[in-house]
Amino acid sequence: MGPCCALWVVLTLLKGLKGQTPNTPPGITSVLQSFQEDQFQGEWFVVGLAGSTHRKTDRFLLNPFIATFEQNENSRLEVSYAMTRGHRCITWSYVLVPAARPGRFWVDSREEPEEVQVYDTDYSVFALMLFRRQSGGQSILRVNLLCRMWMIQTQVLDKFVCLVRALGLSDNNIVFPDLTGSTCGVLATPEGSA
């Protein structure tokens, strides 16, 4: 781990400890002071995943996919995904219900409650999202690296890897989608670029 990454992890952990009370579960606290849903809305490319159930060997299962966030009339975020699987386009969606803290949500209508946190974002280039839930007595943790384009800046990749490691996951838990042979418009260029 480089010195910048180590410093970022230490500062993040210290900030997280500062905001905890005896009733606050231990974990990583978002670096966001506020969350601007209107700026977060729109299309994001999922360029990296990490999780307690992911392995590098799973890469062949992960095709490129897009996440679209839209605020509905109830001030909830509707999230829809599109992924290629062979020659088919697979889609799924859910609704995020805002929680008390900025950038935190709960997935609506899920049998097992799942907490979703926008851990860090600059709204125009990248976002780091953290997902937590319990399943069969096991804690499931997932981190998504979202970018507005199919390109990862070095400093954004460093933030992603540092967060993954701070959560106790290893490089073996990180998976990047295979961008070859994509269909379904998933690799379409963003508006305004060509």
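The values are calculated or read from the model by the stated rules, or taken from the named source; none is laboratory data. Everything numeric in this text was worked out from a predicted model, so none of it was measured. Every residue, glycine as well, gets a Cβ built from its backbone with ideal geometry; the counts of neighbours run over all protein chains shown. Side chains included, ligands, DNA and RNA excluded: accessible areas come from the protein's heavy atoms. Shrake-Rupley method; radii C 1.70, N 1.55, O 1.52, S 1.80 Å.
Taking 7 Å steps out from each Cα toward its Cβ at SER109 and TYR94 produces label points 1.3 nm apart.
Charged neighbours of SER139, selected by a Cβ distance under 15 Å, balance to 0 (K, R count +1; D, E count -1).
In the full protein context, segment 37-175 carries 49 Å² of accessible surface per residue, based on a 1.4 Å probe and ignoring ligands, DNA and RNA. Radius of gyration (Cα atoms) of segment 37-175, expressed as a multiple of 2.2 N^0.38 Å: 1.02. Report the full-extension gain for the segment SER139 to SER52: residue separation times 0.36 nm, less the Cα-Cα distance, to one decimal in nm. Once the chain is fully extended between SER139 and SER52, it gains 30.5 nm.
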